[in-house]
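**Q** Have a look at this one before I ask anything.
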Protein chains: 2
Amino acid sequence: MSGRKYVHGYTEREAERLSDQGETLAGLLHDDTRYPAGSRVLEAGCGTGAQTVILARNSPDARITSVDISQISLDAASKRVKAEGITNVTFEEGDIFDLHYGPGSFDHIFLCFVLEHLAEPRGALERLRPLLREGGTITVIEGDHGSAYFHPDSTHARRAIGCLVDLQREMGGNALIGRELYPLVAGAGYRDVYVSPRMVYADASRPDLARGFTELTFTAMVEGVGDEAVNRGMMSREDWERGIRDLYRTSRSDGVFCYTFFKATGRR
Amino acid sequence: MSGRKYVHGYTEREAERLSDQGETLAGLLHDDTRYPAGSRVLEAGCGTGAQTVILARNSPDARITSVDISQISLDAASKRVKAEGITNVTFEEGDIFDLHYGPGSFDHIFLCFVLEHLAEPRGALERLRPLLREGGTITVIEGDHGSAYFHPDSTHARRAIGCLVDLQREMGGNALIGRELYPLVAGAGYRDVYVSPRMVYADASRPDLARGFTELTFTAMVEGVGDEAVNRGMMSREDWERGIRDLYRTSRSDGVFCYTFFKATGRR
């Protein structure tokens, strides 16, 4: 899987976006994940560490090993974790499909926004399972871009989101993976699988969410593939810009934006 | 508004569907609506009483007045309420846009699955507001068919849902109204408006929901407009049947179905 591409790229603005996203969503996605003191936790696919810092803060006495396939991302993650004064995380370069840990090396495995980028998400889950001790847990968090809807509705905005979904699919990923977590995790052989949807709902009574999620997280993410979508003729520049404008429009005082993340847990 | 059409029709199967829906969703949608003893409650647009019986059971000592524009629906509602042994509901024929109650006649107003069928939902909310006493509350529950997504995904299933949305729009309604409740209720002059989404998520670990909601409620509702959609050339019979089959398919053991209702409260 070396050399795999990442649909959002590796720019600095992207890193900032991931940080904003991490802060806004930390409570919604992470608050019910707390690992006991001394437990061995594998974070598979830590990226630039946006989720790592939250994970480590919520489980300050767990021993976390965070792996990623990109050394550039690992460097950023390491820097971020150091800046936060976090000391319970070890970073290691590695491919989720080919990790060199012995069977039962971990009590818990955690993946956040990783499966969506893999051509074989079920295969990844199957490969990770033996690394868990008997009874150990896996936690998987994913978004689903098909869960986005908004007011005012806009064909252009929906088409712009569709471009991101299509581009991610071309790179072998699946931006609609959230809805699929139950069959994926259960199908990979985990038991006691439980999925809980986490809906982000932003209206004028929740201006922080409209800013932090609708604008800085979701719309910024869609915006990030604009040049590629336009250069490849998926949408005209004019239509694209209207789509992005319409997405920002939904964070105004009479607008509404909805998006749903899915969190799955299972047991070896 | 007399003679207004109702997209789902008035057949017996439709009444059954509404009853199944009422039972399955009662907890999710109604459990946090409890009116105090003696309070005067107006249920505006009670239809065949599917929500009325839940409302009355949850607030057994409130005095509920349930109005509807259709005498046929009122007769069915009255029968249903009697069969349940409920005695705190009075039925009255009336048009939401032209009710003959004095100002401040009610402590609370309740509407469930009503605004979606009205050409002027905001106007209806504005007309109802003076009927509330100062400080009285309004509660509005609506679905949003654009919030439906599922696994396996299916173009035909999405097109079939789109037919229902289009047919409802042609009749002056809005099947995507759920997402819009905040601006609607706030725009009609209510204060302290709060909207909470209520997501139905059905996977193999929740077979009752897959049966009760995915099959008996949602898919049965879409199925109900099949003849009209096909006769009007919106989809071929073959494509339509495939869409319906694909919707039922999502309730199998590796399928997932998602839908979101929205509940808004506000205060005069």
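**Q** Given A:ARG179, A:ARG206, which one is farther than 26 Å from B:PRO207 by Cβ, within 14 Å of chain B (Cβ to nearest Cβ) and among the basic types (Lys, Arg)? Spell out how you get there, then give the answer.
**A** On the way: A:ARG179 fails: farther than 26 Å from B:PRO207 by Cβ.
Within the list A:ARG179, A:ARG206, the selection yields A:ARG206.
**Q** Restricting to the stretch A:54-104, count the residues that are in contact with a helix residue (DSSP H, G or I) (Cβ under 6 Å, 6 or more places away or on another chain) and assigned to a loop (DSSP other than H, G, I, E, B).
**A** Going through the stretch A:54-104 one residue at a time, the tally reaches 5.
**Q** Can you pull out the residues in the stretch A:129-140 that are surrounded by fewer than 23 Cβ atoms within 10 Å (Cβ to Cβ) and either among the hydrophobic types (A, V, I, L, M, F, W, C) or touching a Cys at 6+ places or on another chain (Cβ under 6 Å) (or both)?
**A** Once the filter is applied, which keeps residues that are surrounded by fewer than 23 Cβ atoms within 10 Å (Cβ to Cβ) and either among the hydrophobic types (A, V, I, L, M, F, W, C) or touching a Cys at 6+ places or on another chain (Cβ under 6 Å) (or both), the stretch A:129-140 yields only A:LEU131.
**Q** Spot the failing condition for A:TYR201; the list is (1) aromatic (Phe, Trp, Tyr); (2) within 25 Å of B:ARG198 (Cα to Cα); (3) in contact (Cβ under 8 Å) with a residue 60 or more places away in the chain, and only one is missed.
**A** Single failed check for A:TYR201: (3).
Table: residues versus (1) crowded, with 18+ Cβ neighbours inside 10 Å; (2) at pLDDT below 95.
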residue	(1), (2)
A:LYS5	no, yes
A:GLU12	no, yes
A:ARG17	yes, yes
A:SER66	yes, no
A:ILE86	no, no
A:ILE96	yes, no
A:PHE106	yes, no
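**Q** List the residue pairs whose Cβ atoms are under 6 Å apart, where the first residue sits in the stretch A:158-175 and is in contact (Cβ under 8 Å) with a residue 40 or more places away in the chain and under 14 Å from A:ARG232 (Cβ atoms), the second is aliphatic (A, V, I, L, M) and in a helix (DSSP H, G or I), and the two are 6 or more positions apart or on different chains.
**A** A:ALA160/A:VAL222; A:CYS163/A:ALA229; A:LEU164/A:VAL222
Yes or no, residue by residue, for (1) in contact with an Asp or Glu (Cβ under 7 Å, 6 or more places away or on another chain); (2) closer than 15 Å to B:CYS46 by Cα:
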{"residue": "B:ASP107", "(1), (2)": "no, no"}
{"residue": "B:CYS112", "(1), (2)": "no, yes"}
{"residue": "B:LEU118", "(1), (2)": "no, yes"}
{"residue": "B:LEU125", "(1), (2)": "no, no"}
{"residue": "B:ARG129", "(1), (2)": "no, no"}
{"residue": "B:ARG133", "(1), (2)": "yes, no"}
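**Q** Would you check which residues across the stretch B:173-196 are touching a helix residue (DSSP H, G or I) at 6+ places or on another chain (Cβ under 8 Å) and surrounded by fewer than 19 Cβ atoms within 10 Å (Cβ to Cβ) and list them?
**A** B:GLY187, B:GLY189, listed by residue number.
**Q** Same structure again: Please work out which residue is surrounded by the fewest Cβ atoms within 10 Å (Cβ to Cβ), limiting yourself to the stretch A:215-230 and to residues that are under 17 Å from the mean Cα position of the chain (by Cα) and over 15 Å from A:ASP246 (Cβ atoms).
**A** So the residue we want is A:GLY224.
Results for (1) of a type in the set (D, E, K, R); (2) surrounded by 16 or more Cβ atoms within 10 Å (Cβ to Cβ); (3) modelled with pLDDT under 95, shown as yes or no for each residue.
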{"site": "B:MET199", "(1), (2), (3)": "no, yes, no"}
{"site": "B:ASP203", "(1), (2), (3)": "yes, yes, no"}
{"site": "B:GLY233", "(1), (2), (3)": "no, no, no"}
{"site": "B:GLY243", "(1), (2), (3)": "no, yes, no"}
{"site": "B:GLY255", "(1), (2), (3)": "no, yes, no"}
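**Q** Restricting attention to the stretch B:193-211, which residues are closer than 16 Å to B:PHE150 by Cα and of a type outside the set (Asp, Glu)?
**A** If the condition is that a residue be closer than 16 Å to B:PHE150 by Cα and of a type outside the set (Asp, Glu), then B:MET199, B:VAL200, B:TYR201, B:ALA202, B:ALA204, B:SER205, B:ARG206, B:PRO207, B:LEU209, B:ALA210, B:ARG211 are the ones that fit.
**Q** Continuing with the same structure: Consider B:PHE261 carefully, then state whether it is buried (at least 22 other Cβ atoms within 10 Å of the Cβ), of a type in the set (Phe, Trp, Tyr), within 13 Å of another protein chain (Cβ to nearest Cβ) and in contact (Cβ under 8 Å) with a residue 60 or more places away in the chain.
**A** When the stated conditions are applied, B:PHE261 does not pass them.
**Q** Keeping to the stretch B:63-88, report how many residues are in contact (Cβ under 8 Å) with a residue 40 or more places away in the chain, in contact with a strand residue (DSSP E or B) (Cβ under 6 Å, 6 or more places away or on another chain) and not hydroxyl-bearing (Ser, Thr, Tyr).
**A** 0
**Q** On the given criteria, is B:GLU126 of a type in the set (Asp, Glu) and either surrounded by 23 or more Cβ atoms within 10 Å (Cβ to Cβ) or under 30 Å from A:VAL193 (Cβ atoms) (or both)? If you could, list the steps in order and put the result at the bottom.
**A** On the way: of a type in the set (Asp, Glu): yes; either surrounded by 23 or more Cβ atoms within 10 Å (Cβ to Cβ) or under 30 Å from A:VAL193 (Cβ atoms) (or both): no.
No: the conditions fail for B:GLU126.
**Q** Exactly one of (1) at the interface with chain A (Cβ under 9 Å from one of its Cβ atoms); (2) touching an Asp or Glu at 6+ places or on another chain (Cβ under 7 Å) is unmet by B:MET199. Its number?
**A** Checking B:MET199 against (1) at the interface with chain A (Cβ under 9 Å from one of its Cβ atoms); (2) touching an Asp or Glu at 6+ places or on another chain (Cβ under 7 Å), the one that fails is (2).
**Q** Of all residues being within 10 Å of chain A (Cβ to nearest Cβ) and touching a strand residue (DSSP E or B) at 6+ places or on another chain (Cβ under 8 Å) in the stretch B:149-175, which is nearest to A:ARG206 (Cα to Cα)? Just the residue, please.
**A** Step by step, filter the stretch B:149-175, then rank; the result is B:TYR149.
**Q** Right, next: Have a look at B:GLU215, B:GLU120, B:GLU134 and point out the one that is charged (D, E, K, R), free of Cβ contacts under 8 Å to residues at least 24 places away in the same chain and either out of contact with any Pro (no Cβ under 7 Å at 6 or more places or on another chain) or within 12 Å of chain A (Cβ to nearest Cβ) (or both).
**A** B:GLU120
The values are calculated or read from the model by the stated rules, or taken from the named source; none is laboratory data. Keep in mind the model is a prediction, meaning the values are calculated, not measured. Note that we place each Cβ from the backbone using ideal geometry, even for glycine, and neighbour counts take in every protein chain shown.
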